[in-house]
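K.L.:
Below is one structure. I have some questions about it.
The values are calculated or read from the model by the stated rules, or taken from the named source; none is laboratory data. On a predicted model such as this, the values are computed, not experimentally measured, just so you know. Here Cβ is always computed from backbone atoms with ideal geometry, including for glycine, and neighbour counts include all displayed protein chains.
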């Protein structure tokens, strides 16, 4: 959480915000507008870990954005501040009044609470819009419910986007996110096989809890920690390398027209398009030919000569 003046009137929105998709952005945008009317600040409150990791570990979903990325995305969406609360059983056991008094009032001078239509706060999810409005009438804040953001007849949701990513439908996921989905991790030392076939790759250690795309070859854009560029075009293979009888899931990234040692650096890899499924080739030569075709398609996609 970044610092701020606790006396400044605040519009606040609360949620898990995994992915910070277009529906989440609508909440933040309304919060920003409310803060402007108040002459105050827009505060987004979120949680770490995901509440399901504490309350139902067997059902915790893979995450689309880690806490650091989520915080950055909320700021990009317009929030002045982001507060990350540690989600515990004790926090989950609070009544809505206890949560507001013990946490929200500590974070800001809340004058407006912006929520989605299915939002519920506190033990037993009793803090729905009606209950929160009653609490607000006593404690000096208004409650505004922002309608769910729809795509056709379906609500835009983190769970829907996760399913799309897991099926490899990254262009559709990008449409609902407002940007390409991504994976991120530290570059680790591999076995060097890509270099021996003329296509050097960086091996990415992606956290197991991250939402993982379907196996296949993707056109990607690589953003390197500490660099402010718009990203480097490339190709990533996600899979077990069946041509080499591999069994371990790997994320192998080939950056176009680049060579260097990236071991130890953090790469965020945006999944721009799925070029093909992963498959076994009859020979290494056939694989190399296909990789050349994949790279050509990526060059065309990114208009890289």
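K.L.:
Could you list all residues from region 107-121 that are in contact (Cβ under 8 Å) with a residue 40 or more places away in the chain and either closer than 18 Å to residue 18 by Cα or not in a loop (DSSP other than H, G, I, E, B) (or both)?
P.N.:
From region 107-121, those in contact (Cβ under 8 Å) with a residue 40 or more places away in the chain are 107-116, 119, 121; that's our starting set.
Across region 107-121, the qualifying residues are 107, 109, 110, 111, 112, 113, 114, 115, 116, 119, 121.
K.L.:
Sticking with this one: Contact list please: Cβ distance under 8 Å, first residue in region 54-78 and on the phi > 0 side of the Ramachandran plot, second residue outside any helix (DSSP H, G or I), pairs at least six apart or on different chains.
P.N.:
From residues that are on the phi > 0 side of the Ramachandran plot, the pairs are 78/42.
K.L.:
Of the numbered conditions (1) within 27 Å of residue 56 (Cα to Cα); (2) loosely packed, with under 14 Cβ neighbours inside 10 Å, residue 116 satisfies every one except a single condition; which is it?
P.N.:
Result: residue 116 passes all but (2).
K.L.:
Hey, residue 287 hits all of (1) surrounded by 17 or more Cβ atoms within 10 Å (Cβ to Cβ); (2) in contact with a strand residue (DSSP E or B) (Cβ under 8 Å, 6 or more places away or on another chain); (3) modelled with pLDDT under 95 but one; which does it fall short on?
P.N.:
(2)
K.L.:
Which of the residues belonging to region 177-202 are touching a strand residue (DSSP E or B) at 6+ places or on another chain (Cβ under 6 Å) and not in a strand (DSSP E or B)? Working first, answer last.
P.N.:
Here is the first cut: in region 177-202, the residues touching a strand residue (DSSP E or B) at 6+ places or on another chain (Cβ under 6 Å) are 180-188, 190, 199, 201-202.
Selection gives 180, 181, 190, 199, 201.
K.L.:
Name the single residue that is farthest from residue 168 (Cα to Cα) among those in region 188-238 being at pLDDT below 95 and touching a helix residue (DSSP H, G or I) at 6+ places or on another chain (Cβ under 6 Å).
P.N.:
197
K.L.:
Would you check if residue 127 is crowded, with 19+ Cβ neighbours inside 10 Å, in the same structural domain as residue 22 (by TED's automatic domain parsing) and at positive phi?
P.N.:
When the stated conditions are applied, residue 127 does not pass them.
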